[in-house]
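Scroll down for the structure; my scribbles are underneath it.
The values are calculated or read from the model by the stated rules, or taken from the named source; none is laboratory data. What you are looking at is a predicted structure, and each value in this text was computed from that prediction instead of being measured. As a convention, Cβ positions derive from the backbone with ideal geometry for all residues, glycine included, and neighbour counts pool all protein chains shown.
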Amino acid sequence: MITREVCERVLRKAASSGADYAEIFAEHTVDHSIKMIADRVDNISDRIIAGAGIRLFKGLRSVAASTTDTTEQGLMRCAQRAADALGQGSAEISIELKERLFGDIHPIKTVPATVSNAEKIRVLKDGYFAAKEFSPEIKQVTGVLLDVDHGILVANSEGLYAEDRQIRTRISINAVAEHNGETQTGFYGPGRRMGMEMFDSEVDARAVGLKAAQQAVTMAAAGYCPAGVMPVAIGNGFGGVIFHEACGHSLEASSVAYGLSQFAGKLGTQIANPKVTAIDDGTIPNAWGSINIDDEGTPAQRKVLIEKGILKTYMVDKFNGRRMGMPSTGSARRQSYGYVTTSRMTNTFIAEGEDNNDDIIASMEYGLYAKEMGGGSVNPATGEFNFAVNEGYIVRNGKICEPVRGASLVGKGSDVIMNIDMVGKNLDLGTGMCGSSSGSIPTTVGQPLIRVSKITVGGR
């Protein structure tokens, strides 16, 4: 995207007012999406994002600037703005960039841009009409097929010059069902860091539509969930959103470095039930949240955050690592060049345990089985959260019984991970987008079936 020689000159200009670290992040991203609604293709869109961000450090000060003009002249003007903002004096530094190739552990067989819209529409229709025809109670279906080709370049004053190309594909189906005048929605949206071959080997578009429709129909006919404190079994896959939101964000350096985390200063201490081992792994081949390098050019890593209940490490980026005295863990991410990088998750999950899944349900005299989780909110400083349950069932005498809707889980992250007293063996991963200070990024959540011994369930 930008030659080494140009990057060297721009970095020297950026660092000229006394910075001790200078960085260029450039990107060229093409987003392509197809949307279906009312039994027809409603929209086909293409979006190109191209530009560069320049960031400077001076001790614990950081400034950033960005531009859409990636000519040398445009980059020089951006570098000067950043240098002026830092405004700490003058310096002449020598920068010699050396290209590094980190390899690619996410092979792409069919680049989506080489596939016709007609073929993509055929795949989307498979999912759409599978949902639409599932039941007469399905009243509306929306389907989206998205592919992203995200190319990045990172160059910095430490001599790094590296590029990466990230291709991701995702299909999502949203179904609305009506029963006796009551409507409920069902959603399923799997994705991978893959091309269109995802639909040959990993994702069945029809199965996506059927799952969304089944959830909508089941919940439309369900009664309301009773409220109270009770044991809750949380399903595998996207059930891991509980850990991601209630605990994961509190393990990011962006919170920990400033003491704004429930887990700040607790390395080496027990923060979870000994049954809990939690991992953030950006190296899983072709997983939705995987990377080869992060947005500071640090190679992806597999990090055991919590091992048998003991806090082992945090997710750290370069700048917050300075404040914490810790090296980067390959956790620096940003939505685009227009955002400032900070520590974020990649593929974050609770590892498989030793409990049999049947035993988890059988252990519950009365409680809730949260088969599919939805969205929610959390305060990383306190860990207090509130999450919707998209598909839930009452458990009586160790058996899954009638479906219930309107359930929510309310609690505190540090309490929940202490109260996870059973961890099953059916680990699965779920696809999501995570929003934070550096924008919206692709992340994976995951877990096997788990049991929380007690948690507040909101309902009626």
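Worth a mention:
- No other residue among A332, A272 is hydrophobic (A, V, I, L, M, F, W, C), farther than 23 Å from M433 by Cα and crowded, with 19+ Cβ neighbours inside 10 Å apart from A272.
- Qualifying residue in segment 367-380 (condition: part of a loop (DSSP other than H, G, I, E, B) and touching a residue at least 24 places away in the same chain (Cβ under 8 Å)): yes
- Among the candidates A370, A388, residue that is buried (at least 24 other Cβ atoms within 10 Å of the Cβ), among the small types (G, A, S) and closer than 28 Å to A216 by Cβ: A370
- Selection of first residues in segment 1-28 that are closer than 28 Å to D149 by Cα and assigned to a loop (DSSP other than H, G, I, E, B) and of second residues that are of a type in the set (S, T, Y) and modelled with pLDDT of 95 or more, restricted to Cβ pairs under 9 Å at least 6 apart or on distinct chains, gives the following pairs, ordered by first then second residue: M1/T70; I2/T70.
- Scope segment 395-430; condition outside any strand (DSSP E or B), touching a Ser or Thr at 6+ places or on another chain (Cβ under 9 Å) and under 14 Å from A233 (Cβ atoms); matching residues: G398, N419
- Unmet requirement for G398, which otherwise passes all of (1) modelled with pLDDT of 95 or more; (2) buried (at least 17 other Cβ atoms within 10 Å of the Cβ); (3) touching a helix residue (DSSP H, G or I) at 6+ places or on another chain (Cβ under 6 Å): (2)
- Among residues of segment 395-410 that are closer than 10 Å to V457 by Cβ and touching a residue at least 12 places away in the same chain (Cβ under 8 Å), those with a beta-carbon under 9 Å from a residue that is assigned to a strand (DSSP E or B) and of a type in the set (D, E) at least six positions away or on a different chain give the pairs V410/E384.
- Filter pass, G259 being in a loop (DSSP other than H, G, I, E, B) and without any contact (Cβ under 8 Å) to a residue 60 or more places away in the chain: yes
- Complete set of residues in segment 284-314 that are over 21 Å from I105 (Cα atoms) and either at pLDDT below 95 or assigned to a strand (DSSP E or B) (or both): L305, I306, E307, I310, L311
- If you go through segment 35-68 and keep only what is among the polar types (S, T, N, Q), assigned to a strand (DSSP E or B) and touching a residue at least 12 places away in the same chain (Cβ under 8 Å), you end up with S45, S62, S66, T67.
- Looking only at segment 351-366, and only at residues there that are small (G, A, S) and under 30 Å from the mean Cα position of the chain (by Cα), the one that is nearest to I242 (Cα to Cα): A351
- S201 meets the conditions (1) modelled with pLDDT of 95 or more; (2) over 21 Å from M364 (Cα atoms); (3) among the small types (G, A, S) in every case but one. The failed one is (1).
- Search result, residues across segment 406-416 that are surrounded by fewer than 24 Cβ atoms within 10 Å (Cβ to Cβ) and either of a type in the set (G, A, S) or out of contact with any Asp or Glu (no Cβ under 6 Å at 6 or more places or on another chain) (or both): G406, S408, V410, G411, S414, D415
- Residues satisfying the stated conditions in segment 45-87, i.e. of a type in the set (V, I, T), surrounded by 12 or more Cβ atoms within 10 Å (Cβ to Cβ) and under 25 Å from the mean Cα position of the chain (by Cα): I49, I54
- Total residues in segment 125-172 satisfying the condition of being assigned to a strand (DSSP E or B) and farther than 22 Å from R47 by Cβ: the figure is 10.
- Residue in segment 144-170 that is surrounded by the most Cβ atoms within 10 Å (Cβ to Cβ), counting only those that are hydrophobic (A, V, I, L, M, F, W, C) and under 19 Å from the mean Cα position of the chain (by Cα): L145
- Checked against (1) in contact with a Pro (Cβ under 6 Å, 6 or more places away or on another chain); (2) within 30 Å of A220 (Cα to Cα), C434 meets all criteria but (1).
- The set of residues in segment 275-291 that are surrounded by fewer than 22 Cβ atoms within 10 Å (Cβ to Cβ) and touching a Pro at 6+ places or on another chain (Cβ under 9 Å) comprises T283, P285, N286.
- Qualifying residue in segment 89-111 (condition: assigned to a helix (DSSP H, G or I), touching a Ser or Thr at 6+ places or on another chain (Cβ under 9 Å) and among the small types (G, A, S)): no
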